[in-house]
1. Let me check against my output: what whole-number percent is the relative contact order of segment 19-139, with C-alpha pairs under 8 Å and at least 6 apart?
2. Would you please give the FRET efficiency between residue 21 and residue 137, computed as 1/(1 + (r/R0)^6) with r the Cβ-Cβ distance and R0 = 22 Å, to the nearest 0.05?
């Protein structure tokens, strides 16, 4: 009986051990109200990410300018880049999001959400718009 219990507990730990979802934010220390923020568009990412990120910034008083994908992080005083991936597991969900902010060409802050190792974790099924808002609100003042 003890051997069966040990086996079941070990199996359970193995299954949940690889179910990590991580989120880290290093605030940019930039007040966005009235600031011009240029976002370098990533055409490989669903358009909805840029739309929501831009809407959030403008809703807090930022003046947002979208730059083409070939633009440089030195093209504006404050530049932001982003990357996001969607995955399939019962439904399509945003499994990875990264936002970086550069001031005068130097990384000022970044936000990362990663559920790609969260295979058995149902918490990975997030609302992408809410996650973008959450990351942005922790990134900017």
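1. 34
2. Plugging the Cβ-Cβ distance into 1/(1 + (r/R0)^6) gives 0.75.
Each reported figure results from applying straightforward, stated rules to the coordinates on display, with no laboratory input. The shown structure was predicted, so the numbers you read here are calculated from the model rather than taken from an experiment. No Cβ is skipped: glycine too gets one built from the backbone with ideal geometry, and neighbour counts run over all protein chains shown.
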